[in-house]
1. With +1 on each Lys and Arg Cβ and -1 on each Asp and Glu Cβ, how big is the dipole of the stretch 159-263 about its Cα centre, in debye rounded to the nearest 20?
2. For T211 and R107, what does the FRET efficiency come to when R0 = 41 Å and r is the distance between their Cβ atoms, rounded to the nearest 0.05?
3. Using the Cα centre of the chain as the reference point, and only Cβ charges (+1 on K/R, -1 on D/E), how large is the resulting charge dipole? Debye, rounded to the nearest 20.
4. Summarise the accessible area of the stretch 52-161 (1.4 Å probe, protein heavy atoms) by the percent that is carbon and sulfur.
5. I need the helices of the chain that pass two filters: whole DSSP H segments spanning 20 Å or more by Cα along the axis, and mean Kyte-Doolittle score no lower than -0.5.
6. Cα gyration tensor of the stretch 63-134, axes a ≥ b ≥ c as square roots of the eigenvalues: rounded (a/c below 1.5), prolate (a/b > b/c) or oblate?
7. For the stretch 279-348, give the percent of accessible area contributed by carbon and sulfur heavy atoms, probe 1.4 Å, rounded to a whole number.
8. Once every DSSP H run of n ≥ 4 in the chain is given -39500 (n - 2.57) and the sum is divided by its residues, what mean residue ellipticity at 222 nm do you get, rounded to the nearest 500 deg cm²/dmol?
Amino acid sequence: MSAPKTALGSSFRTYRLTVPPVSGVLRPRLVALGAVLAVVGFLLFCWGLSIGDYPIAIADVVRALAGSGDPGTVLVVQELRLPRALVGLLAGFAFGVSGALFQTMTRNPLASPDMIGLTQGAGTAVVAGIVLGWGGGLGTQALGLFGALATALIVYALAWRRGATGYRIILVGIGVAWICTSATDYLVAKGGRFQAQAALGWLVGNLNGRTWGQVGPLAIALAVLLPTALLLGRLLRTLQLGDDVATGLGTRVQPVRLAVLLTGVGLVAFATASAGPVAFVALAAPQITQRLARTAWPPALASGLTGAVVVLGSDLVARALVPGTELPVGIVTGVLGAPILLWLLVRANRAGSGG
């Protein structure tokens with residue numbers, strides 16, 4: 001008997017285990033897509049480690065990652081190049097998952113951390129720390145988390161009116177994003193020459209000069225927040241049916257929405273603090289994944305893999321585009337993401353949703 005199909009044509013199979021007592025839905029297309037994305041991401045990861053002033057064959061890169069091979073190659077790969085590649089991989093994954101959470105929660109493909117002010121809020125806090133010397137010794141991770149969390153709470157509070165709907169969150173978030181952008185521009189103009197250069201280099205979204213100090217906090221944040229995001233997945237799917245139906249099914253809509261908001265904020269805050277506000281990844285990755293998987297919502301795990309592929313691939317383009325110069329990765333993702341944003345706006349307008 002053929003497997004059932006959703007409205008978008010994606011087949012699925014149900015399963016039930018006796019020990020442990022677990023049941024669920026298996027989507028072969030989504031599993032295959034995840035496997036392909038994982039392989040592509042690993043190849044891009046190794047390719048990025050292989051290029052530089054000292055070129056290394058990809059086979060030697062794989063051996064060096066396992067700790068074998070020439071000691072000089074192991075040193076170059078594990079100590080000099082691996083932190084940059086890991087920050088790109090983990091930040092892209094975090095951006096993708098965060099974007100999927102926000103787009104599913106709001107039921108709007110335009111909802112992403114860089115559209116509703118979260119990355120701008122994190123950026124304002126980090127730039128304030130650079131220019132004004134705030135933070136009392138706190139690193140960019142702590143400042144970014146504080147900025148994104150404060151921005152999220154402001155957006156949620158301003159959007160509250162007997163509850164916070166996805167549409168109001170987006171509208172309020174766009175306004176708050178512009179306020180944060182203006183504050184950041186003022187801080188950059190106020191700062192000294194070297195402070196402004198440091199802030200601008202970070203604001204574009206940059207993997208150059210990443211160290212293990214940026215890898216550790218981001219990896220820990222993902223280890224904590226990713227399982228939380230996956231556990232919220234079932235409740236998020238009930239929100240897709242609308243608040244009234246979700247309430248009728250037993251979902252506590254506002255607490256779930258707040259939990260999703262905090263989880264997404266944590267992911268985007270740590271990713272932004274490590275790699276800067278890499279533009280459009282959180283917006284584009286879930287939409288690309290949803291269309292490849294043919295699901296009714298952006299799948300979180302596959303969206304994270306797509307985000308990692310986008311960041312790692314864009315970093316390769318940024319390093320090869322201008323010989324002798326390593327462009328910030330955010331420039332490439334901005335160029336690639338802008339057409340996707342325009343396409344989403346046109347599609348939303350044709351569908352009558354108005355964005």
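The values are calculated or read from the model by the stated rules, or taken from the named source; none is laboratory data. None of the values given here were measured: they were computed from a predicted structure. Glycine also receives a Cβ, built like all others from the backbone with ideal geometry; neighbour counts cover every protein chain displayed. For the accessible areas, the whole protein counts, side chains as well, though only heavy atoms, and no ligand, DNA or RNA atoms are used. Shrake-Rupley method; radii C 1.70, N 1.55, O 1.52, S 1.80 Å.
1. Details: 10 positive and 3 negative charges, 21 e Å.
Dipole of the stretch 159-263, to the nearest 20 debye: 100 debye.
2. Details: r = 39 Å, r/R0 = 0.96.
Given R0 = 41 Å and the Cβ-Cβ separation, E is 0.55.
3. Numbers: 24 positive and 10 negative charges, 264 e Å.
With only Lys, Arg, Asp and Glu charged at Cβ, the dipole is about 1260 debye.
4. Working: 2890 of 4350 Å².
Ligands and nucleic acids excluded, carbon and sulfur reach 66 percent.
5. Values: long enough: 28-50 (33 Å, 1.92); 82-106 (36 Å, 1.26); 118-132 (21 Å, 1.60); 140-159 (28 Å, 1.71); 166-190 (35 Å, 1.09); 212-231 (29 Å, 1.69); 253-275 (33 Å, 1.54); 300-321 (31 Å, 1.51); 329-351 (33 Å, 1.45).
Helix filter hits for the chain: 28-50, 82-106, 118-132, 140-159, 166-190, 212-231, 253-275, 300-321, 329-351.
6. Working: a/c = 6.15, a/b = 1.69, b/c = 3.63.
The shape class here is oblate.
7. Numbers: 2060 of 2730 Å².
Looking at the stretch 279-348 in its full context, I get 75 percent from C and S.
8. On the way: 15 runs with 246 residues, N = 355.
Computed mean residue ellipticity for the chain: -23000 deg cm²/dmol.
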